[in-house]
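The values are calculated or read from the model by the stated rules, or taken from the named source; none is laboratory data. On a predicted model such as this, the values are computed, not experimentally measured, just so you know. No Cβ is skipped: glycine too gets one built from the backbone with ideal geometry, and neighbour counts run over all protein chains shown.
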Amino acid sequence: MDTESTYSGYSYYSGRSRGSHRHGERSRDRHKSRSKESSRSEKSVTINAPPAEPLLGEQSVRGEEVQDDNWGETTTAVTGTSEHSLSQEDIVRISKDLDDSVGLDCKRYLNVALSVILGLVVLLTPLAFLILPHLLWPDRLRACGTACEGLFISVAFKLLILLLAVWALFFRPPRAGLPRIFVFRALLATLVLLFVLSYWLFYGVRILDSQDEDYQGIVQYAVSLVDALLFIHYLAIVLLELRQLQPFFSLCVTRSTDGATQHYNLGQLSIQRAAVVILENYYKDFPVHNPAMLTASKSRAAKHLAGLKVYNVDGPGGNNAAAGIAQSQSRAMIAAAARRRDSSHNELYYEEAEHERRVRKRRARLVVAVEEAFTHICRMQEEEQKKASGDVMDPREAAQAIFPSMARALQKYLRTTRQQHLHSMESIQQHLAFCITNNMTPKAFLESYLTTGPTLQYGKDRWLARQWTLISEASVTSGLNDGTIFLLKCIDFSLVVTTKKIPYIQLAEEFIDPKSHKFVLRLQSETSV
Amino acid sequence: MSFIPGQPVSTVVQRIEIHKLRDGDNVILGFSIGGGIDQDPSQNPFSEDKTDKGIYVTRVSKGGPAEVAGLRMGDRIMQVNGWDMTMVTHDQARKKLTKKNEDVVRLLVTRKTLEDAVRQSMMQH
């Protein structure tokens, strides 16, 4: 039962700390029964022999229908309790570790290397322009007057400003790794390269070859290069940073498993950059993905189909009747399902009402237990600390001291709301110590357990959302458009993103003179005569 | 009873003669009026056209001189003793009705049923 031990460790420990062995056994029994239920569906894998129907469709050559009545005995079932079993979560974790270690580091390093080389070339070019004449033909060079030396200062400061600006804009840690090249950056790099090359070409042909003596002209040439580079940097700021700030599109992001929806306003971005922005916001806006919440609807769907079984009484009719049989059978099933009196809505209603009641009861017990636990802790003042009277604890020890009294209620509540896999005992104690240190009330401590928070709130291993794939019909470097739809797929779920254009707002003006606010009394009097 | 500005108003009217009742120093006619060009016509419950600013009879006291003379609630008063009541303020109307030296007031009043009755009688011929 090694797979069970990782999950029952928490409840087992709490059983031990309460000193009752019976309680630990009871919780383990609950685990066992749970593994049969669908709430632990990722742990047990059942393989059944496929039903006879699709086999008939493929093997239409066979004239006879073979019905294997012994299929129940030949079924293989693999549960999570066998010796060398790996639960689904283990498999996913191993694959994730493999992915993380290999990585696409070469792509990132290539980018960094290219940008550093380009930066060095750009930085050293004006200096080279200024130094080369002194090195190659120093005797023929006309002396540099005051105006020329003033230009040296201007070149120096402009180069410094350019250096700082390039460092601020380009040498930031990358937020994300995009699947395709970042078009604007590539364009800018090409532009800068062409620009510098053309300047070198001109310099090489007109100045180096002819060995020009006018040094002031050369210095002015170098100054014009640095000016132009500053303007290109301005262009880079506008293209890379400013253009997408003005909101233009409204993106609606829906999670495929539970329908949680958010809306974001973005500017004119390419699809891959928009995907990065959406994912950055996903971690803070969407409640954490909880697979345990989805099992109820799956079991209901299974029950809809489980009650009906179609028997083919007349036997197979020939080659192309197989497809016809499948079609007519599915139609018959749909018609029968529509006609029968389904009482599953009734079950759902009462089940949900019962669940609601149970959750509220457990929540009430939890709140009372936590409030009582918090009253046992009292903060010691500075003066009292000096006369330390024995049993003085730091926050971690204080948390460990009061934790057992609320552990059972908290564990039961987490089980009922199916959140127990999101919080480990260690994390709960850490959070408790944190709350005690910062003088938080019991309500503040409980807030992170009573409501499901965003994904960032939990530890990285509970996210179930690390590797993302962008699926799009249009090219991912093309810009967003009204009606663009793309998917961000993760292993367990996907985010569906639809784009809508923000409507053009035409504002009209109406002027109201403040003196035009006048009122009259409207009477309806009645007089007796 | 539709009122077109600038055009003469033509309706079917009924003559009603009310003899004022003297009660000591008070002289009463036994009804109440509402309406007038300085009042809000949309609150008038008796008028068909809610922009009608005429003088309407809002209450007739039981057994009073007005009821005896045949005045009904909802009537619109067009003339009082020859004075026009279609374009007067509420206070002017009151003054014309309560002149101290007059004992009799002769009203011309109109109501919807009058017109219907006339039309019916015309159709019968």
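What to note about this one:
- Any hit, the stretch A:188-207, residues being under 32 Å from the mean Cα position of the chain (by Cα), surrounded by 15 or more Cβ atoms within 10 Å (Cβ to Cβ) and of a type outside the set (Lys, Arg): yes
- A search for C-beta distances below 7 Å between a residue of the stretch A:506-526 that is more than 14 Å from every other protein chain (Cβ to nearest Cβ) and on the phi > 0 side of the Ramachandran plot and any residue that is of a type in the set (A, V, I, L, M) and surrounded by 10 or more Cβ atoms within 10 Å (Cβ to Cβ), counting only pairs 6+ apart in sequence or on different chains, returns nothing.
- Within the stretch A:164-186, the residues that satisfy the criterion of being assigned to a helix (DSSP H, G or I) and touching a residue at least 12 places away in the same chain (Cβ under 8 Å) are A:Ala165, A:Val166, A:Leu169, A:Phe170, A:Val183, A:Phe184, A:Arg185.
- Scanning the stretch A:508-529 for residues that are under 26 Å from B:Thr89 (Cβ atoms) and of a type in the set (D, E, K, R), we see that the one that is surrounded by the most Cβ atoms within 10 Å (Cβ to Cβ) is A:Glu526.
- Applying the condition of being polar (S, T, N, Q) and within 30 Å of A:Arg522 (Cβ to Cβ) to the stretch B:7-32 and asking which residue is nearest to the other protein chains (Cβ to nearest Cβ) yields B:Ser32.
- Test: residue in the stretch B:82-93 that is crowded, with 21+ Cβ neighbours inside 10 Å and more than 16 Å from A:Gln524 (Cβ to Cβ): yes
- Test: residue in the stretch A:452-459 that is in a strand (DSSP E or B), more than 14 Å from chain B (Cβ to nearest Cβ), under 30 Å from A:Gly177 (Cα atoms) and in contact with a Ser or Thr (Cβ under 7 Å, 6 or more places away or on another chain): no
- Checking the stretch B:25-35 against the condition returns a match, with at least one residue being charged (D, E, K, R) and without any contact (Cβ under 8 Å) to a residue 60 or more places away in the chain.
- Residue under evaluation B:Gly35, criteria (1) on the phi < 0 side of the Ramachandran plot; (2) within 10 Å of chain A (Cβ to nearest Cβ); (3) modelled with pLDDT of 85 or more, criterion not met: (1)
- Whichever residue in the stretch B:62-81 is of a type in the set (Gly, Ala, Ser) and closer than 16 Å to B:Glu17 by Cα and, among such residues, is surrounded by the most Cβ atoms within 10 Å (Cβ to Cβ): B:Ala66
To keep it simple, each residue is scored yes or no on (1) in contact with a Cys (Cβ under 8 Å, 6 or more places away or on another chain); (2) under 20 Å from A:Gln419 (Cβ atoms); (3) at pLDDT below 80.
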position: A:Ala322; (1), (2), (3): no, no, yes
position: A:Ser330; (1), (2), (3): no, no, yes
position: A:Asp342; (1), (2), (3): no, no, yes
position: A:Leu348; (1), (2), (3): no, no, no
position: A:Arg360; (1), (2), (3): no, yes, no
position: A:Arg365; (1), (2), (3): no, yes, no
position: A:His376; (1), (2), (3): no, no, no
position: A:Glu382; (1), (2), (3): no, no, yes
position: A:Gln385; (1), (2), (3): no, no, yes
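- Selection from the stretch B:3-37 of residues that are of a type in the set (S, T, N, Q) and surrounded by fewer than 11 Cβ atoms within 10 Å (Cβ to Cβ): B:Gln7, B:Ser10, B:Asn26
- Complete set of residues in the stretch B:38-50 that are within 13 Å of chain A (Cβ to nearest Cβ) and surrounded by fewer than 15 Cβ atoms within 10 Å (Cβ to Cβ): B:Ser42, B:Gln43, B:Pro45, B:Lys50
- Cβ pairs under 8 Å, 6+ apart, first in the stretch A:265-284 and more than 20 Å from A:Ala465 (Cβ to Cβ), second in a helix (DSSP H, G or I): A:Leu266/A:Ala274; A:Leu266/A:Val277; A:Leu269/A:Val277; A:Ser270/A:Val183
- In the stretch B:87-100, the qualifying residues are those that are out of contact with any strand residue (DSSP E or B) (no Cβ under 6 Å at 6 or more places or on another chain) and farther than 17 Å from B:Glu17 by Cβ, and the one that is nearest to the other protein chains (Cβ to nearest Cβ) is B:His90.
- Tallying residues that are assigned to a strand (DSSP E or B) and in contact (Cβ under 8 Å) with a residue 60 or more places away in the chain within the stretch A:479-505 yields 11.
To keep it simple, each residue is scored yes or no on (1) of a type in the set (Phe, Trp, Tyr); (2) surrounded by fewer than 17 Cβ atoms within 10 Å (Cβ to Cβ); (3) touching a Leu at 6+ places or on another chain (Cβ under 9 Å).
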{"residue": "A:Ala369", "(1), (2), (3)": "no, no, yes"}
{"residue": "A:Phe374", "(1), (2), (3)": "yes, no, no"}
{"residue": "A:Gln381", "(1), (2), (3)": "no, yes, no"}
{"residue": "A:Gln385", "(1), (2), (3)": "no, yes, no"}
{"residue": "A:Asp391", "(1), (2), (3)": "no, yes, no"}
{"residue": "A:Gln419", "(1), (2), (3)": "no, no, no"}
{"residue": "A:Met440", "(1), (2), (3)": "no, yes, no"}
{"residue": "A:Pro454", "(1), (2), (3)": "no, yes, no"}
{"residue": "A:Trp468", "(1), (2), (3)": "yes, no, yes"}
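- Any hit, the stretch A:497-519, residues being closer than 22 Å to A:His289 by Cβ and within 15 Å of the chain's Cα centre (by Cα): yes
- Which listed residue, of B:Arg76, B:Arg94, B:Arg59, is touching a residue at least 12 places away in the same chain (Cβ under 8 Å) and within 14 Å of B:Arg111 (Cβ to Cβ): B:Arg76
- Criterion: surrounded by 11 or more Cβ atoms within 10 Å (Cβ to Cβ), assigned to a helix (DSSP H, G or I), modelled with pLDDT of 90 or more and over 36 Å from the mean Cα position of the chain (by Cα) - qualifying residue of A:Leu120, A:Leu151, A:Leu160: A:Leu151
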